[in-house]
Amino acid sequence: MEDILHRVLKALDEEGLWDRGVELIGSWSYLMYQRHLGAPVYPFRTLDADFLVPWPYRGETRNLAAKLAEIGFRPASEPNGAIYFQHPELKIEFLVPERGKGGQDFRVVPSLGLKAVPLRFMDMLLNDSILIENAGVRVRVPHPAAYALHKLLIAQRRAKKEKKLKDIEQGVHTLAIVEPSDLASRLVEFPAGWKGLVMRSLREAWDLCPLERDVLAKHGFTPQN
Amino acid sequence: MAILRDILGESSAYYRDMEKRLLVRLAELPLGSVLKRRIGRGHYYYLKVRRGAKVEARYLGKRRPEALEREIQERRLLKSQLREVQKSLALLSRLDRRGARR
């Protein structure tokens, strides 16, 4: 059991961060879908857990570094100045949505004492989340439909083939627990360019994930249509 | 190490399950390949299947057997996936043995 992650989630819950919109994202949030929403097993988690912080952040002042230090995490700096927290078993990073022209290495979140990494396409996760209870501790994660669409969208922007494949696989596995109407209602709101990227991933998924063709067909994605 | 061990353990289970599902699906799909022959002015389709040393060609008709071609294409895809899955399982097993020795 990922005991250390549980302690991190508990610490963030105690600080009330889920109520302020902070979310666990990335492969560790998929683990929550797996455990609590019946998502199929997909074990390829990274050794870093990413937390998405709303931007601008309007929560109360919290000494997050001190809270994380209590469970063995030490702050460290990326070469670009962003701060992450290190533990022998897990690295924790904080992200914020990147908007406008972008290009900044980090964004300071003064009330949490963070220097978070700005990333594109985070708003779709931030604005569409659910709360799950994991072993008595609450955790906010993206809605599975938003998570799947995000994975399928960013897959097409990956330079590395392996990362792209992993994104597509994870997106398709998540679709297994998403209602077709939940997916369609979100996809229809996407700008045409984003929709095109998602559709390209789904077309590629037909051959990349042949065992999941029934999931793709459930959402109406087959090579014929 | 606990997290890494969990991920590796789950990865083995994932690949074993995938191998099983691939083998089940492969058993449902037709063997062989579609051969198109031109005889006179017409085209005729055959299913070529190797049976031991012999290759048999079964006549399919004049119409292109699209559904069969799709299934054969799927079979090729699944076979290449099966090879990848088996390579991953072999790697995980090597890691597991190495870990046990330490």
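Just so you know, all these numbers are worked out from the coordinates, no wet-lab data involved. All values derive from a computational prediction rather than experimental measurement. Cβ sites come from the backbone with ideal geometry, for glycine too, and all protein chains shown count toward neighbours.
Tabulated data for the structure shown
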{"item": "Percent of Cα-Cα distances greater than 13 Å, calculated over the stretch A:1-48", "result": "62"}
{"item": "In degrees, nearest ten, helix A:161-175 long axis to first principal axis of chain A (Cα)", "result": "80"}
{"item": "Most mobile listed residue (A:LEU153, A:LEU24, A:LEU211) in chain A, GNM with C-alpha springs under 10 Å", "result": "A:LEU211"}
{"item": "Percent of beta bridges antiparallel (DSSP, chain A, rounded to nearest 5)", "result": "70"}
{"item": "Ranking of A:GLU70, A:GLU89, A:GLU23 by count of other Cβ atoms within 10 Å, fewest first", "result": "A:GLU70, A:GLU89, A:GLU23"}
{"item": "Helical contribution to [θ] at 222 nm, DSSP H n ≥ 4, -39,500 (n - 2.57), averaged over the protein assembly as shown, rounded to 500", "result": "-14500 deg cm²/dmol"}
{"item": "Segments A:160-167, A:127-134 sorted - mean Cβ within 10 Å per residue, highest first", "result": "A:127-134, A:160-167"}
{"item": "Derived scalar couplings ³J(HN,Hα) [the stretch A:63-76; Karplus, 6.51 cos²θ - 1.76 cosθ + 1.60; whole Hz; x for Gly, Pro]", "result": "8, 5, 4, 5, 5, 6, 4, 4, 10, x, 9, 10, x, 8"}
{"item": "Dipole magnitude (debye, nearest 20) for the protein assembly as shown, charges at Cβ of Lys, Arg, Asp, Glu", "result": "2540"}
{"item": "Chain B: angle of helix B:2-28 to the longest principal axis, Cα-based, in degrees nearest 10", "result": "20"}
{"item": "Amide H contacts of A:PHE94 (H built 1.01 Å from N, under 5 Å, at least 5 apart or other chain)", "result": "A:PHE51, A:VAL117"}
{"item": "Peptide-level mean, for B:61-67, of C-beta atoms on other protein chains within 10 Å", "result": "0"}
{"item": "Backbone N under 12 Å from the B:LEU26 label point (7 Å along Cα→Cβ), restricted to the stretch B:64-92", "result": "B:75-87"}
{"item": "Acute angle (nearest 10 degrees) that the helix B:66-101 long axis makes with the longest principal axis of chain B, alpha-carbon atoms", "result": "20"}
{"item": "Value of Rg/Rh across chain B [Cα atoms, Kirkwood radius]", "result": "1.24"}
{"item": "Cα-derived Rg over Rh, computed across chain A with Rh taken as Kirkwood radius", "result": "0.97"}
{"item": "Kirkwood hydrodynamic radius over Cα pairs of the stretch A:1-120, then Stokes diffusion coefficient at 10 °C and 1.306 mPa s, in µm²/s", "result": "107"}
{"item": "Inter-chain Cβ neighbour average for residues B:3-10, partner chain, 10 Å", "result": "5"}
{"item": "Sites A:GLU133 and B:ASP6 - FRET efficiency at Förster radius 30 Å, r taken between beta-carbons, to 0.05", "result": "0.90"}
{"item": "Most mobile of A:PRO79, A:PRO142, A:PRO180 in a GNM of chain A (Cα contacts under 10 Å)", "result": "A:PRO79"}
{"item": "Candidates B:ALA53, B:ALA13, B:ALA27: whichever shows maximal mean-square fluctuation once chain B is modelled as a Gaussian network with Cα springs under 10 Å", "result": "B:ALA53"}
{"item": "Reachable aspartates and glutamates, given that their alpha-carbon falls under 16 Å from the alpha-carbon of A:LYS115 and they are not under 8 places away in the same chain", "result": "A:ASP50, A:GLU78, A:GLU93, A:GLU98, A:ASP105"}
{"item": "Over 26 Å between alpha carbons, listed pairs A:LYS67/A:LYS161; A:LYS161/B:LYS48; A:LYS10/A:LYS218; A:LYS166/A:LYS218", "result": "A:LYS67/A:LYS161; A:LYS161/B:LYS48; A:LYS10/A:LYS218"}
{"item": "Signed unit charges on C-beta, dipole axis of the protein assembly as shown, positive-most listed residue A:GLY100, A:ILE83, A:LEU149", "result": "A:LEU149"}
{"item": "Test item: B:13-22 mean partner chain Cβ contacts at 10 Å", "result": "2"}
{"item": "FRET E, pair A:ARG35, B:ARG76, Förster distance 41 Å, beta-carbon r, rounded to 0.05", "result": "0.70"}
